[in-house]
1. Just one of the numbered conditions (1) among the aromatic types (Phe, Trp, Tyr); (2) at pLDDT below 95; (3) closer than 25 Å to A:Val156 by Cβ is not true of A:Tyr101; which one?
2. Could you say whether any residue in the range B:183-191 is surrounded by fewer than 23 Cβ atoms within 10 Å (Cβ to Cβ), part of a helix (DSSP H, G or I) and touching a residue at least 24 places away in the same chain (Cβ under 8 Å)?
3. Mind checking which residues of the range A:145-197 are aliphatic (A, V, I, L, M), more than 9 Å from chain B (Cβ to nearest Cβ) and open to solvent by less than 10 Å² (accessible area, probe 1.4 Å)?
4. Going by the conditions given, is A:Leu36 within 13 Å of A:Ala202 (Cα to Cα), open to solvent by less than 20 Å² (accessible area, probe 1.4 Å) and in a helix (DSSP H, G or I)?
5. Using the structure shown, decide if B:Glu120 is touching a strand residue (DSSP E or B) at 6+ places or on another chain (Cβ under 7 Å) and away from chain A (no Cβ under 14 Å).
6. Against the definition (buried (at least 20 other Cβ atoms within 10 Å of the Cβ) and away from chain B (no Cβ under 14 Å)), how does A:Gly240 come out, yes or no?
7. Quick check on my filter: what residues within the range B:179-189 are more than 14 Å from the chain's Cα centre (by Cα) and either under 19 Å from B:Ala166 (Cα atoms) or within 12 Å of ligand 1 (Cβ to nearest atom) (or both)?
8. So A:Gln218 clears everything in (1) buried (at least 24 other Cβ atoms within 10 Å of the Cβ); (2) within 28 Å of A:Gly131 (Cα to Cα) except one condition, right? Which one?
Amino acid sequence: MKRLLLVPAVAFAAALPWLVDDYTTATLARLLVLGLVGVSVALLTGVTGLPTLGQTAPFAAGAYAAAQLGLHDVANEPVRLLAAAGVGAAFALLTAPLVVYARGVIVLMITLAIGELAITVASRWKSVTGGTDGLIAAPTLDTDRARYLYTLAVVVVLVALVLLALRSPAGLLLRASRDDEARMRASGHPVTAYLTGAYAAAGGIAGVGGALLVTTQQYVSPADFSFDTAALLLLGVVIGGAGSMLGAAAGTAFVFAARDWLSGLLPGHAPLLLGALFVVTAYLLPRGVAGFDWRRLGRAARAASPGAMRRRNQEA
Amino acid sequence: MADILITEALTRRYGSLVAVDRIDLRIAPGERRAIIGPNGAGKTTLLDLVAGAIRPSGGRIRFDGRDITGSGPARRARLGIGRIHQRPAVWPSLTTLDNVAVAAAQSRGGVRRSRRPAIELLDRLGLADQAGVEAARLSHGQRRQLEIAMALAGEPRLLLLDEPAAGLSAVEFERLGEVLRDLPEGMTVLLVEHRLDLVYAFADVVTVLRDGQYVVSGTPDEIRMSHTVRQAYSGAVA
Ligand SMILES: Nc1ncnc2c1ncn2[C@@H]1O[C@H](COP(=O)(O)OP(=O)(O)OP(=O)(O)O)[C@@H](O)[C@H]1O
Ligand SMILES: [Mg+2]
């Protein structure tokens, strides 16, 4: 049922650029990219049990890889995507030993440090990243509409692949590792290898996000990967539901859209309002909007309806 | 035949407390050995040491002729050591069936190939009608049955059972007795259990621990009659 709704949703998303102006189309494309990175955050935070503030690092690595390829006249988008995925995954494999042995809040702290380190490198390694000035990449697609549709296609395909992977035995192994890793080990499973694999896959996805970011905004700078971005990614994922990839993507897109909208409306107050929203969600919906048991709410509403109350009174 | 499990002066300290104190065990292949003793005797700690869940402070462990003292728990499981925990450990967000299939995956070449044998095991433990239910929704007794199914799914050569009867209903207890009776003859079992009726019915040899130390071993009849054992349990000073 839920899956069937996805078809019109994607069709609607594909029709959007004809319904809004170019500026909005470009903004939506950027939100799609952030939604995809949000999926990589959810894969680690919700499914694997490694809450992360560091996916901005492979995101940045993929973006700079794609931008550099652009500077070297590689305009072929799929090549840039694959390269960015590879660089993001390789970056994750390099940093995996720091992450996969830790648990809980320690993971947050370590990934935060990895993210901060990535920004520092991005600001200092001028020959590759252009430093704080950033890099300008020549457009590979001519119109905002084309860039948006291309981004949408890549995001839909990747999210579908993630959903399929999570329904496969690999998804079971990850969820079981998150639930009780001692029991996994007692059944002979190499948990650390599984976590490393998930971390590398999430790095590859974030890397693709980086390439798409370069495609959509034709520019990349360290500001794209700031701590704010990392925090809002995690916030969006928690609000949307870390256990649900679609919830996480929607939550991330929502949070970044809200940030942009609020900072226009109430300059300087957006972080405060988003922080408040975070606290409220964490209390009311510990599993996010997507993790909330809507059916139970429906049952409760029916049970509390006047008709149901009358029936109960008659029975009593 | 050579002993399948040998512990030599196996020791585990927690600060000044010696939870397991220089224990020497020799268990023959196919033997059913029970470990009994009062609360805090070190039974669970001993099983944890054998399974590799915790590291010894001293001593060695040999399994099937191989020194496994330095091996981690996953490696030991793949060598053929299966276990259940005193507090049932299952994967709550997976279905009952997937719990067993994932537990069997390492020894049966993947989760998919494990589903059919998993169904048979659930049947044997009376959980067939719960196959599609999330393990989080099982009762305590059902979770324990499930973890037994998970341990058996790995087809271990050495099975470590930590209080399998605790918290079971009368029906479940009876079924546990049957399951234990029907275990393959070649499977070596180390059973920690407070229900002495089960212990005496099941074990070839019973070993008594107290305060981390070895007290005595004997056949169920010997142990039942033993004055030392009653003292170990009552806490009287010998
Ligand atoms: N992680 C730990 N830290 C400190 N002390 C511990 C730890 N685990 C066990 N102990 C202590 O080691 C001793 C042996 O504990 P263990 O759990 O092995 O006993 P047991 O024989 O299994 O008891 P029970 O019948 O209650 O399960 C106890 O005194 C316990 O308090
Ligand atoms: Mg115990």
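1. Every condition holds for A:Tyr101 apart from (3).
2. no
3. A:Leu195
4. yes
5. no
6. Values: buried (at least 20 other Cβ atoms within 10 Å of the Cβ): yes; away from chain B (no Cβ under 14 Å): yes.
Spelling it out, A:Gly240 is indeed buried (at least 20 other Cβ atoms within 10 Å of the Cβ) and away from chain B (no Cβ under 14 Å).
7. B:Arg181
8. (1)
The values are calculated or read from the model by the stated rules, or taken from the named source; none is laboratory data. What you see is a predicted model; the values in this text were computed from it and never measured. For neighbour counting, all protein chains shown are included, and Cβ atoms are generated from backbone atoms with ideal geometry for every residue, glycine included. Areas reflect the complete protein model, heavy atoms only, side chains present, ligands, DNA and RNA absent. Shrake-Rupley method; radii C 1.70, N 1.55, O 1.52, S 1.80 Å.
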